[in-house]
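This report concerns only the one structure given below.
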């Protein structure tokens, strides 16, 4: 009976990320961050007062940081790859959509990569990403290292988090791993 309740709870905490992900439980920390982003986006849209809007962004950023925790680690988050590109020197940049209003990804350019989020060709992660296509649902783990510097309005309409990936896999392959 308890197992059934746990499974029911897990199914209720899912997001629609494509047919495969419909039955995949979203980690609590990921769900909490998505809810915070949605809440603050709605509050932001409901006011035209610039100072109130600025304060909302600051509050949202603090709330997200608190939800993620001091070390920034995220485990088994689920999303859809919407961007894969390389820098001039061949390092990989990745963008993963978690929700309509939230994306996570690496830096896009070497110059702006102060946290070392780009994935080098010599990394095993690079080889994994080379097999992943845009539109694929993936599971990933890593460390959130900040938020990119973006205009306030853009940031509130669609939040972005910088991630230093430690693991990424096609969701189907991840589900097939023996636990």
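The values are calculated or read from the model by the stated rules, or taken from the named source; none is laboratory data. The structure presented is a predicted model; accordingly, all values stated were derived computationally and were not measured. Every residue, glycine as well, gets a Cβ built from its backbone with ideal geometry; the counts of neighbours run over all protein chains shown.
Out of everything in the stretch 20-46 that is farther than 16 Å from residue 100 by Cα and within 19 Å of the chain's Cα centre (by Cα), what residue ends up being modelled with the lowest pLDDT? Looking at the filtered set, the residue picked out is 20. Which of the following residues is in contact with a strand residue (DSSP E or B) (Cβ under 9 Å, 6 or more places away or on another chain), surrounded by 17 or more Cβ atoms within 10 Å (Cβ to Cβ), more than 23 Å from residue 37 (Cα to Cα) and at pLDDT 95 or above: 132, 68, 144, 64? When all the criteria are applied, what remains is 132. Tallying residues that are over 16 Å from the mean Cα position of the chain (by Cα), more than 27 Å from residue 70 (Cβ to Cβ) and touching a residue at least 12 places away in the same chain (Cβ under 8 Å) within the stretch 154-176 yields 2. Here the stretch 47-105 is the region considered, the condition is being in a loop (DSSP other than H, G, I, E, B) and touching a residue at least 24 places away in the same chain (Cβ under 8 Å), and the residue that is farthest from the chain's Cα centre (by Cα) is 90.
So which residues in the stretch 113-122 are in a loop (DSSP other than H, G, I, E, B) and touching a residue at least 24 places away in the same chain (Cβ under 8 Å)? Step through it out loud before you land on a result.
Taking the stretch 113-122 and keeping what is in a loop (DSSP other than H, G, I, E, B), we get 113-118, 120-122.
Those that are in a loop (DSSP other than H, G, I, E, B) and touching a residue at least 24 places away in the same chain (Cβ under 8 Å): 115, 116, 117, 118, 120, 121.
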